[in-house]
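Asker: Once you've had a glance at the structure underneath, I'll fire off some questions.
The values are calculated or read from the model by the stated rules, or taken from the named source; none is laboratory data. Everything numeric in this text was worked out from a predicted model, so none of it was measured. When we count neighbours, we look across all protein chains shown, and the Cβ atoms used for this are built from the backbone with ideal geometry, even at glycine.
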């Protein structure tokens, strides 16, 4: 009987595998991040951009979308707040 082996994603060649944020609209983390990077500041903006969290499905993704938005803009604020030294 063969022994099953579990590989890390990068060992299996899956390092570029993107996770779904919204299964109902087949929107991945990359899709949502592209909307946020383009200026989306609310879950509604993201829904208009890529469909994630549009509301026609279950709505389970909205908390994740809001978290991604908060994380992105918290990072942007931190980057803007650092003084530039000469």
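Asker: For the list (1) at pLDDT below 90; (2) closer than 16 Å to residue 19 by Cα, I need the number of the one condition that residue 34 fails.
Answerer: Single failed check for residue 34: (1).
Asker: Separate question: Looking at the stretch 48-60, which of the residues that are surrounded by 14 or more Cβ atoms within 10 Å (Cβ to Cβ) and touching a strand residue (DSSP E or B) at 6+ places or on another chain (Cβ under 9 Å) is nearest to residue 21 (Cα to Cα)?
Answerer: 52
Asker: Check whether at least one residue in the stretch 66-86 is surrounded by 10 or more Cβ atoms within 10 Å (Cβ to Cβ), at pLDDT 90 or above and not in a helix (DSSP H, G or I), and report yes or no.
Answerer: The answer is no; no qualifying residue exists.
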